[in-house]
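The values are calculated or read from the model by the stated rules, or taken from the named source; none is laboratory data. Keep in mind the model is a prediction, meaning the values are calculated, not measured. Cβ sites come from the backbone with ideal geometry, for glycine too, and all protein chains shown count toward neighbours. Heavy atoms of the whole protein, side chains included, go into the accessibility calculation; ligands, DNA and RNA do not. Shrake-Rupley method; radii C 1.70, N 1.55, O 1.52, S 1.80 Å.
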Amino acid sequence: MKNKYIFGGAIIVLFLSLMVYLFTQSNIQYEEDFAVVKANGKTVKATGQWVKEKNYEVNKEQRTFSFYLADAKGVEMKVLYNGSIPNNFESAVSVVVTGKYENGQFHARDILTKCPSKYEEQYEEVKTTTSVM
């Protein structure tokens, strides 16, 4: 009888621990200030622009892709991604990387690029509707 309560309590504690873990993992914040990204060491979604002057590197042996990203204040950080170069990377107007800053570089587990053509169509629509008025 007593073992039944201990087993049930252990399942409840395990379930609550799993829920807390999943809640903290999905609670990733956006950060546009790279000084904050470098200081806190938490998993974040950092938004910035690719520094085209420093180009990017693709290491086919280690299957890594690295580049420099700059925020609006001009603070740069090196981003390291285990995978191939994302589509539309070279033409992206901004880049969102999800990951953590460790050992002097940002280790991205996901990269999103914002394609300029999508926003140009919206800009053209707004431009034509405002000129008709």
Residues satisfying the stated conditions in the range 18-59, i.e. among the hydrophobic types (A, V, I, L, M, F, W, C), open to solvent by less than 80 Å² (accessible area, probe 1.4 Å) and either farther than 24 Å from residue 113 by Cβ or in contact with a helix residue (DSSP H, G or I) (Cβ under 8 Å, 6 or more places away or on another chain) (or both): 44, 46
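Residues that are touching a residue at least 12 places away in the same chain (Cβ under 8 Å), hydroxyl-bearing (Ser, Thr, Tyr) and assigned to a loop (DSSP other than H, G, I, E, B): does the range 74-81 have at least one?
We begin by selecting, within the range 74-81, every residue touching a residue at least 12 places away in the same chain (Cβ under 8 Å); these are 75-81.
This time we only want the ones that are hydroxyl-bearing (Ser, Thr, Tyr), so: 81.
Applying the additional criterion that residues be assigned to a loop (DSSP other than H, G, I, E, B) yields none.
Checked the range 74-81: no residue is touching a residue at least 12 places away in the same chain (Cβ under 8 Å), hydroxyl-bearing (Ser, Thr, Tyr) and assigned to a loop (DSSP other than H, G, I, E, B).
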Restricting the search to the range 52-63, which residues are in a loop (DSSP other than H, G, I, E, B) and either under 13 Å from the mean Cα position of the chain (by Cα) or closer than 19 Å to residue 98 by Cα (or both)? 63
Across the range 99-114, what is the total count of residues that are open to solvent by less than 10 Å² (accessible area, probe 1.4 Å) and not hydrophobic (A, V, I, L, M, F, W, C)? 1
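Given the condition under 13 Å from the mean Cα position of the chain (by Cα) and touching a residue at least 60 places away in the same chain (Cβ under 8 Å), answer yes or no: does some residue in the range 105-117 qualify?
Of the residues in the range 105-117, the ones under 13 Å from the mean Cα position of the chain (by Cα) are 106-114.
Add one more test, that the residue is touching a residue at least 60 places away in the same chain (Cβ under 8 Å), and what stays is 106.
Yes - at least one qualifying residue is present in the range 105-117.
Can you pull out the residues in the range 2-51 that are part of a loop (DSSP other than H, G, I, E, B), in contact with a strand residue (DSSP E or B) (Cβ under 8 Å, 6 or more places away or on another chain) and of a type outside the set (Ser, Thr, Tyr)? Quick ask: steps written out before the conclusion?
First, the residues of the range 2-51 that are part of a loop (DSSP other than H, G, I, E, B): 27-28, 32-33, 41-43, 51.
Adding the requirement that they be in contact with a strand residue (DSSP E or B) (Cβ under 8 Å, 6 or more places away or on another chain) leaves 28, 32, 41-43, 51.
Within the range 2-51, 28, 32, 41, 42, 51 qualify.
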